Amino acid sequence: MNNKKLLPVGFYDLIFEEAYQNHNNINLALDNFFNSGFKLIKTPLVEFEESFSSEEIANYFCTPDLISGKNIIFRNDITLQISRLVATRLSQHKMPLKLCYVGDVLNAKSSDLYADRQQTQVGFEIIGCDDEQSDFEVINLLLSTLNKLKLKKLLIEIYLPNFLQIFLEQLQLDNSNDLKKAIVKKNISEIRKICPENHQIIASIALINTDLQSIINKIPSAIKSENIMLELSRAKKIEKFLKENYPEIEICFDLFGDSNNSYHHDIAFDVFCESFSYPIARGGKYKIDNNHSNINAIGASIYMNSLRKISNKN
């Protein structure tokens, strides 16, 4: 092989059957979105860096724009582009908006085993959702789509992005930032050192678990508050919906959340398939700044690269 014609690490060609299967999976997903009333949008591969805050974007390719002189970035997430679109061209459209999309995103680095830096996202969003029914609608559409893609042995992991901060506020510790870092890292010994009186329940919540009610029952009355119970009731409702409608899907909870869902609030979730270590889909609720007023939105993305890896393993 001529080394001068090798691709950069994390980029790939798809040919023949693999290319056809990828194309077919995308069309199956989009057709399911269309049938549920979602309208297709297409956003550009590049954006001005100044359009996003440093908290919103990271791990991206950046280059100067020879025309404007500004820095432009290659998108690494389409959801953030939808936020920009809703605040501009779609700002006058009646809510709620049901949008869907397909496109490639680029990451400067990849920490996963396969090191794919080019990923294909297929997803959908409900913009302007002010009730919990939208949570169920998005999760239902995501799981029904994965079923149409013939994915089996699914596991959904549910996060509560607000829960950690609410929990820490209730504890009222002077060193709450140190405890937060220990919880995020799931450092049980450090949690015990910082908060010995509550380390057992904190450790139980920090670890991924499948018995939500057991965790709720263990939370001492000194820690329970209206806000904490409101957060937990959100997870309970999702759990009830899943058990009634998708009893074959395994459910687990990481109530303190993880760093991959940094811009989500209220609820976030990852979906895993069989023994594959990385999410095949991810979603949750977030806010869009539209002329200084916040709009609630919820959506989900399916990662087509992960589907190919699962097919190749089988």
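The values are calculated or read from the model by the stated rules, or taken from the named source; none is laboratory data. Quantities reported herein were computed from a predicted structural model and do not represent experimental measurements. Please note: Cβ atoms are built from the backbone with ideal geometry, for glycine as well, and neighbour counts cover all protein chains shown.
Values computed for the structure shown
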| read-out | value |
| --- | --- |
| Selected residue [charged (D, E, K, R), touching a strand residue (DSSP E or B) at 6+ places or on another chain (Cβ under 8 Å), over 30 Å from Leu307 (Cβ atoms) and in contact (Cβ under 8 Å) with a residue 40 or more places away in the chain] from Asp130, Asp135 | Asp130 |
| Residues of the stretch 171-191 classified as closer than 23 Å to Glu226 by Cβ and either touching a residue at least 40 places away in the same chain (Cβ under 8 Å) or part of a loop (DSSP other than H, G, I, E, B) (or both), total | 4 |
| Subset of the stretch 140-170 (residues that are in a loop (DSSP other than H, G, I, E, B) and within 21 Å of Lys236 (Cα to Cα)) | Leu160, Pro161, Asn162 |
| Unmet criterion (only one of (1) surrounded by 11 or more Cβ atoms within 10 Å (Cβ to Cβ); (2) in a loop (DSSP other than H, G, I, E, B); (3) modelled with pLDDT under 90) for Ser53 | (1) |
| Of the criteria (1) surrounded by fewer than 20 Cβ atoms within 10 Å (Cβ to Cβ); (2) touching a residue at least 40 places away in the same chain (Cβ under 8 Å); (3) outside the structural domain of Ser51 (by TED's automatic domain parsing), which one Glu244 fails | (2) |
| The stretch 70-92, residues that are surrounded by fewer than 20 Cβ atoms within 10 Å (Cβ to Cβ) and touching a helix residue (DSSP H, G or I) at 6+ places or on another chain (Cβ under 8 Å) | Lys70, Asn71, Arg84 |
| 3 or more residues within 30 Å of Gln92 (Cβ to Cβ): qualifying strands (runs of 3 or more DSSP E) within the stretch 192-291 | 265-273, 281-290 |
| Single residue of Ile188, Ile202, Ile223, Ile208 found to be touching a strand residue (DSSP E or B) at 6+ places or on another chain (Cβ under 7 Å) and either surrounded by 15 or more Cβ atoms within 10 Å (Cβ to Cβ) or not acidic (Asp, Glu) (or both) | Ile208 |
| Residue in the stretch 8-18 that is surrounded by 10 or more Cβ atoms within 10 Å (Cβ to Cβ), part of a helix (DSSP H, G or I), at pLDDT 95 or above and not acidic (Asp, Glu) present | no |
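Here's the yes/no breakdown for (1) closer than 15 Å to Leu155 by Cβ; (2) of a type in the set (Gly, Ala, Ser):
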site: Phe272; (1), (2): yes, no
site: Phe276; (1), (2): yes, no
site: Gly284; (1), (2): no, yes
site: Asn290; (1), (2): no, no
site: Ile295; (1), (2): no, no
site: Gly299; (1), (2): no, yes
site: Asn305; (1), (2): no, no
site: Asn312; (1), (2): no, no
